[in-house]
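Take a look at the structure set out below.
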Amino acid sequence: MIDPKKIEIENYSYFLPEELIAKFPRTKREEARLMAYVNGEIIPSHFTELSQYLKPNDTLVLNETKVIPARLHFQKETGAEIEVFCLSPHKMEHQQAMDQRSNVRWDALIGGAKKWKEGKLFKNILISGQEIILSVEKIATDPSFVVEFEWNGGVSFSEIMQHIGELPLPPYFERKATEEDLDRYQTVFAKNEGSVAAPTAGLHFTSEVLADLELKGVKNEKLTLHVGSGTFKPVSTKTIEGHDMHAEYFDVPLDVILRLKDTSGRIIPVGTTSMRTLESIYWLGVKLIETNHSLSELHLKQWDAYELPQDITIQASFEAIINWCEMTERKRVVGSTALLMAPGYKVRVTAGLVTNFHLPQSTLILLVAALIGEKWKEVYQKAVDEKFHFLSYGDSSILIP
C-alpha cells in the first residue's frame, strides 16, 4: 500500500518540450485533440469523438465556475503601479461579494506591495456615463493581504471588475490577456463568478459537442468549484508530506447529489476541479456519519480522506449529505476542500476523468496517477510523441481505468 505522504515528487516528472505548451487557444474549441485511455488502450483521437468513449446513461459532471477579471491596477500619486490581485472574498461567499454595491473585502496578492506602505489608493471609473470613485486600502497583512474596496454609485463589484479588471492568465503564458482570451478562457457554460483560473478541461466543449453527447444518451450535471491561484502552486518539497495543499470553495445543488446518488451509470467528471468536488462530497458525507451529523460547516482538510473510515458506501455518504441538508434546510451543499489525491488514494465516486495535460511534478499529475496508476507515464509519453498541446490551452484526454 502506497503512503501518499512519503511519495517523492521527482518520481512524477516527465520531459515537456517548451514548444508543446499551448500559450494561445486553437482556432476553434472543438479542434482540440483527445487522448483516450480506455480498457488499457491508449488511442489518439479528436475531441469531437468524445462520445465514442462514453456509454448511454453515463453522466459527465461540468464545473460552471466563471473566471473573474481579478487583476485590478492602481497608481500612486508618485506614479508607482500597484496591482491588487483578488483571490477570494474575505469571510463572504463569492456571489455575495460580487453583488456588493458600496464596499467589500478580499484576500489578495499585491504587486508592488513594498511601494504601498499605507493609506488608500483611488481610481476613477466611468460606468454607463456615471463617474465612480473606487478606493482600496490594506486592512491586514498577516498572514496574507486583506484589502477593502469602497465606491459610490450603487453599481455592483462585479460591474467594477468587468470595467477595469484584467483576466488572470496562467503564469506560464508569459503574456497579458487579449480580447480573444475574454471568450476562450471561459467555458461555454460558465455561469458563477469566482475563479482566478479556468476549469480548462471544459474549454473544449461547444453546444454541438454537448448535443452529440445528449444524442448518445450521455447526461450532464453541473456544480461549481472556484479555482484558486493555488492550482499553479508547485510542489517544492521532496515528499508530498511537506506540501501545503490549497483549499477551494465549492457549491453543489442538492438536486445534483440526489440524481447522482440514484444514477445507474458511470459518473465521469470533466476536469480535476469537478473530480475534487465529487470526491470531497463523499468524504464530507463520511465526516457527517462519523460525527453524527454535528458539523456546523463543511470543510475537508488535506489528509482527511486517508484518516476517515474507509468502508462507507457512496450511497450511505450521499444519504448523510442529503439528510444534513434537510435538517439544516439547505438546498445547496456549500463548503471548501483541501483534498490532495495522490497514489494511495482510492477513488470513490468517479469512474473516469476528462482532463487536459498537466505540469510535471504537480499535484494534478498526482491526481491522474491516483486514478490510472503508473499508466499515466505511458499516456503522457504518447501525448509528447504525438505532439499534443499541453496545459491550459492544450489538448484533452479521457481516462477510464
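Could you identify the single residue in ARG276, ARG259 that is of a type in the set (Lys, Arg), in contact with a strand residue (DSSP E or B) (Cβ under 8 Å, 6 or more places away or on another chain) and buried (at least 23 other Cβ atoms within 10 Å of the Cβ)?
Numbers: ARG259 fails: buried (at least 23 other Cβ atoms within 10 Å of the Cβ).
Unique residue meeting the criteria: ARG276.
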- Task: All but one of (1) surrounded by fewer than 19 Cβ atoms within 10 Å (Cβ to Cβ); (2) outside any loop (DSSP other than H, G, I, E, B) hold for VAL136, so report the exception by its number.
- Result: (1)
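Let me confirm something: among GLU30, GLU49, GLU41, which residue is touching a His at 6+ places or on another chain (Cβ under 7 Å), in the same structural domain as LEU213 (by TED's automatic domain parsing) and farther than 30 Å from ALA97 by Cβ?
On the way: GLU49 fails: touching a His at 6+ places or on another chain (Cβ under 7 Å); GLU41 fails: touching a His at 6+ places or on another chain (Cβ under 7 Å).
Only one candidate passes the filter, namely GLU30.
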- Message: Can you tell me how many residues within segment 18-37 are surrounded by 13 or more Cβ atoms within 10 Å (Cβ to Cβ) and not hydrophobic (A, V, I, L, M, F, W, C)?
- Response: 8
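Look through THR277, THR273, THR231, THR237 and report the one residue that is closer than 17 Å to ALA338 by Cβ, β-branched (Val, Ile, Thr) and part of a loop (DSSP other than H, G, I, E, B).
Details: THR277 fails: part of a loop (DSSP other than H, G, I, E, B); THR273 fails: part of a loop (DSSP other than H, G, I, E, B); THR231 fails: part of a loop (DSSP other than H, G, I, E, B).
Exactly one of THR277, THR273, THR231, THR237 is closer than 17 Å to ALA338 by Cβ, β-branched (Val, Ile, Thr) and part of a loop (DSSP other than H, G, I, E, B), namely THR237.
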- Query: On the given criteria, is PHE15 surrounded by fewer than 18 Cβ atoms within 10 Å (Cβ to Cβ), touching a residue at least 60 places away in the same chain (Cβ under 8 Å) and under 21 Å from the mean Cα position of the chain (by Cα)?
  - Reply: no
- Failed item in (1) in the same structural domain as ALA32 (by TED's automatic domain parsing); (2) among the aliphatic types (A, V, I, L, M); (3) out of contact with any Leu (no Cβ under 7 Å at 6 or more places or on another chain), with VAL209 passing the rest: (3)
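Let's see how each residue does on (1) of a type in the set (S, T, N, Q); (2) surrounded by 16 or more Cβ atoms within 10 Å (Cβ to Cβ); (3) farther than 21 Å from TYR345 by Cα:
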{"position": "ALA201", "(1), (2), (3)": "no, yes, yes"}
{"position": "PHE205", "(1), (2), (3)": "no, yes, yes"}
{"position": "LEU210", "(1), (2), (3)": "no, yes, yes"}
{"position": "LYS219", "(1), (2), (3)": "no, yes, yes"}
{"position": "LYS222", "(1), (2), (3)": "no, yes, yes"}
{"position": "GLY228", "(1), (2), (3)": "no, yes, yes"}
{"position": "PRO234", "(1), (2), (3)": "no, no, no"}
{"position": "THR237", "(1), (2), (3)": "yes, no, no"}
{"position": "GLY242", "(1), (2), (3)": "no, no, no"}
- Given (1) in contact (Cβ under 8 Å) with a residue 40 or more places away in the chain; (2) within 30 Å of LEU399 (Cβ to Cβ); (3) out of contact with any Ser or Thr (no Cβ under 6 Å at 6 or more places or on another chain), PRO69 misses just (2)
- Query: For segment 260-294, how many residues meet the condition of being closer than 17 Å to ALA316 by Cα, among the charged types (D, E, K, R) and touching a residue at least 60 places away in the same chain (Cβ under 8 Å)?
  - Reply: 2
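Could you please let me know if PRO171 is modelled with pLDDT under 95 and under 18 Å from the mean Cα position of the chain (by Cα)?
Working: modelled with pLDDT under 95: yes; under 18 Å from the mean Cα position of the chain (by Cα): yes.
So PRO171 passes the test.
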- Just a yes or no: is a residue in segment 336-348 more than 18 Å from the chain's Cα centre (by Cα), touching a residue at least 24 places away in the same chain (Cβ under 8 Å) and farther than 29 Å from ARG259 by Cβ? yes
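Of everything in segment 288-310 that's under 25 Å from the mean Cα position of the chain (by Cα) and loosely packed, with under 12 Cβ neighbours inside 10 Å, which residue is farthest from LEU258 (Cα to Cα)? Steps first, answer last, please.
At the first step, the residues of segment 288-310 found to be under 25 Å from the mean Cα position of the chain (by Cα) are 288, 295-308.
Restricting the remaining residues to those that are loosely packed, with under 12 Cβ neighbours inside 10 Å gives 296-297, 307.
Details: SER296: 21, GLU297: 20, GLU307: 26 Å.
Going through the qualifying residues, I end up with GLU307.
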- Query: Residues in segment 311-325: is at least one within 21 Å of the chain's Cα centre (by Cα) and outside any loop (DSSP other than H, G, I, E, B)?
  - Reply: no
- For segment 141-163, indicate whether the set of residues that are without any contact (Cβ under 8 Å) to a residue 40 or more places away in the chain, on the phi > 0 side of the Ramachandran plot and surrounded by fewer than 16 Cβ atoms within 10 Å (Cβ to Cβ) is non-empty. no
- Item | Selection within segment 48-72 - assigned to a helix (DSSP H, G or I) and crowded, with 23+ Cβ neighbours inside 10 Å | LEU50
- Query: So, in segment 375-393, of the ones that are within 24 Å of the chain's Cα centre (by Cα) and in a loop (DSSP other than H, G, I, E, B), which residue ends up surrounded by the most Cβ atoms within 10 Å (Cβ to Cβ)?
  - Reply: SER392
- Query: Taking only pairs six or more apart or across chains, which ones have beta-carbon atoms under 6 Å, a first residue in segment 240-258 that is at pLDDT 95 or above, and a second residue that is part of a strand (DSSP E or B) and not aliphatic (A, V, I, L, M)?
  - Reply: TYR249/SER336; ASP251/THR224; ASP251/ARG332; PRO253/ARG332; VAL256/GLU221
- Message: Go through (1) surrounded by 13 or more Cβ atoms within 10 Å (Cβ to Cβ); (2) assigned to a helix (DSSP H, G or I) for VAL84 and report which single condition fails.
- Response: (2)
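The values are calculated or read from the model by the stated rules, or taken from the named source; none is laboratory data. What you see is a predicted model, and the numbers here were worked out from it, not measured in a lab. Cβ atoms come from the backbone with ideal geometry, glycine included; neighbour counts cover every protein chain shown.
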